[in-house]
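The values are calculated or read from the model by the stated rules, or taken from the named source; none is laboratory data. Computed from a predicted model, the values in this text were never measured in an experiment. Heads up, the Cβs are rebuilt from the backbone with ideal geometry, glycines too, and the neighbour counts pull from every protein chain shown. Quick note on the areas: whole protein, heavy atoms, side chains included, nothing else; ligands and nucleic acids left out. Shrake-Rupley method; radii C 1.70, N 1.55, O 1.52, S 1.80 Å.
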Amino acid sequence: MTGYILDKTETLSRGELAALQSERLQKTVRLVYDNVPVYRAKMEEKKLRPEDIRSVEDLHKLPFTTKQDLRANYPFGMFASPKEDIVRIHASSGTTGKLTVVGYTQNDLDVWTACMARSMAMAGIDRSSTVQVSYGYGLFTGGLGAHYGAERLGAAVVPTSSGNTLRQITLMKDFGVTHLCCTPSYALYIADEIRKMGLDMAEFELRGGLFGAEPWSEAMRGEIEKKLNITALDIYGLSEISGPGVAMECGCKAGSHIQEDHFIPEIVDPDTLEPLPYGQTGELVFTTITKTGQPLIRYRTRDITSLNAEPCACGRTTVRMNKVFGRSDDMLIIRGVNVFPSQIETVLIRAGGIEPHYQINVDRVNNTDVMEIEVEMTEEIFSDEVRNIEKLKQKIESMLYSMLGVTATVRLVGPNTIPRSEGKAKRINDRRTY
Ligand code: DLL
């Protein structure tokens, strides 16, 4: 198995960890109560004082924070430290409304870098590695997050950012890049371009990849690993909590270890907001316990997943989150049935004969929801007889029906017709008007 444990904090006993979390939680609650008016107001509304929070057991008493709170206090209203102590500002754009701003103190950048360094150690990155960072550099946290983490481990960083795929590939080969960091959809795009250039993976030194920033299925992992001949690991994070590296998969590929000494995870029922036990699926919520710039209490991520507290074969004791199934706001409701894009992706890849480039189009025709999946055929199928193409279309439609419980039509399109993304893929085209 690749990878190593960088920091012994990752292997604390559950009791030691709870003690550390409790101490840090108390400090954080005091910090936000004293410095962030929104938090003071939210706590007063619940008749809570900072001294009422004595341990992690009291976490559920605290109020939630949402993206709406960040937007309502745009740009700096959620900062818990004076502006002079803020040394970096990132922002993420949602589909609607204002940017979500995140301010970091030097302490916060150190926490983030430490989390990224641990994550990269899980993928086996060390001083001998060469890491190509093809996440975008800028307000998006992917590029700079990966950059600082790799440098902390003493690896050689190639900061290509995203885009200019042919140059990415040339550098990857010529510089002997061992690890690639980008979105899983971009990794597939790069793999396809390598094939088109007539290159063989044996000419590369690539061994591993840290892919994240968007949901991806096990089936997609299989495709990436096969095409690039590497070990592909999942990295999770969100700007509001710090950036990439909030959780990372170890070589066991059995869920991503959450950096629990910095971020306390919970799963709640997205409707009732009641905490759910380990193993149950719901919305992931985080409380930061070491950040000072913009600490967040019970932040609702909207990501749907479950937590697993079983000991991991790698030796780490931290709780693992399963692959993100989708976002509560990405979930499509088609004729009353909940549909996640990840379910569609799983079917498409399992069916074979297609490339994992697809788009989901949803319309409302005569007051009925209609879903169409546009997906690219492989070159072989594309040049096959019409009869076989029709057979494949029917096969995928019937597999989709069994998986989703609603009908979807499939439109098989030629190779390279669906627009590629160098960052997060945009797969849903919901044209319904309500
Ligand atoms: O996407 C940070 C990041 C960069 C993570 C690079 C991993 C790698 P945001 O732009 O704020 O931050 O988007 C955060 O992206 O709430 C999830 O919905 C989604 N997401 C991130 N990582 C994963 C993943 C970065 N591994 C939002 N699997 C999150 C599924 C992911 N979804």
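Couple of notes before you dig in:
- The range 1-48 - residue that is outside any helix (DSSP H, G or I) and among the aliphatic types (A, V, I, L, M) and, of those, modelled with the lowest pLDDT: Met1
- Restricting Phe204, Phe175, Phe211 to those that are out of contact with any helix residue (DSSP H, G or I) (no Cβ under 9 Å at 6 or more places or on another chain), assigned by TED's automatic domain parsing to the domain that holds Thr318 and in contact (Cβ under 8 Å) with a residue 24 or more places away in the chain reduces the list to Phe175.
- Residue check, Ile194 touching a Lys or Arg at 6+ places or on another chain (Cβ under 9 Å), more than 16 Å from the ligand (Cβ to nearest atom) and either open to solvent by less than 20 Å² (accessible area, probe 1.4 Å) or not assigned by TED's automatic domain parsing to the domain that holds Tyr358 (or both): yes
- Which numbered condition His357 fails, given (1) surrounded by fewer than 17 Cβ atoms within 10 Å (Cβ to Cβ); (2) away from the ligand (no atom under 16 Å from the Cβ); (3) farther than 12 Å from Leu404 by Cβ: (1)
- Given (1) under 30 Å from Glu57 (Cβ atoms); (2) in contact with an Asp or Glu (Cβ under 8 Å, 6 or more places away or on another chain), index of the condition Asn322 fails: (2)
- Restricting the first member to the range 416-433 and to residues that are touching a residue at least 12 places away in the same chain (Cβ under 8 Å), and the second to residues that are small (Gly, Ala, Ser) and assigned to a loop (DSSP other than H, G, I, E, B), the beta-carbon pairs closer than 7 Å and six or more apart or on different chains are Glu422/Ser162; Glu422/Gly163; Gly423/Gly136; Gly423/Ser162; Lys424/Ala213.
- Applying the set (1) among the hydrophobic types (A, V, I, L, M, F, W, C); (2) within 16 Å of the ligand (Cβ to nearest atom); (3) modelled with pLDDT of 95 or more to Leu166 leaves exactly one unmet item: (2).
- Residue list for the range 389-427, filter: assigned to a strand (DSSP E or B), within 22 Å of Glu214 (Cβ to Cβ) and open to solvent by 60 Å² or more (accessible area, probe 1.4 Å): none
- Of the residues Asn338, Asn308, the single one that is away from the ligand (no atom under 11 Å from the Cβ) and under 18 Å from the mean Cα position of the chain (by Cα) is Asn308.
- Of the residues making up the range 414-434, those that are among the β-branched types (Val, Ile, Thr) and over 19 Å from the mean Cα position of the chain (by Cα) are Thr417, Ile418, Thr433.
- Residues that are part of a loop (DSSP other than H, G, I, E, B), more than 8 Å from the ligand (Cβ to nearest atom) and within 22 Å of Thr305 (Cβ to Cβ) within the range 201-245 comprise Ser217, Ile241, Ser242, listed in sequence order.
- Number of positions in the range 138-152 that are modelled with pLDDT of 95 or more and open to solvent by 20 Å² or more (accessible area, probe 1.4 Å): 5
- Only one entry of Ser55, Ser119, Ser93, Ser128 meets the criterion of being under 23 Å from Leu233 (Cα atoms) and without any contact (Cβ under 8 Å) to a residue 60 or more places away in the chain, and that entry is Ser128.
- Taken as a whole, the condition of being touching a Leu at 6+ places or on another chain (Cβ under 7 Å), within 16 Å of the ligand (Cβ to nearest atom), in a helix (DSSP H, G or I) and not polar (S, T, N, Q) applies to Ala187.
- If you filter the range 91-137 down to residues that are in a loop (DSSP other than H, G, I, E, B) and buried (at least 24 other Cβ atoms within 10 Å of the Cβ), you find that the one that is farthest from the ligand (Cβ to nearest atom) is Ile125.
- Exactly one residue out of Arg327, Arg320 is modelled with pLDDT under 95 and either of a type outside the set (Gly, Ala, Ser) or more than 15 Å from the ligand (Cβ to nearest atom) (or both), and it is Arg327.
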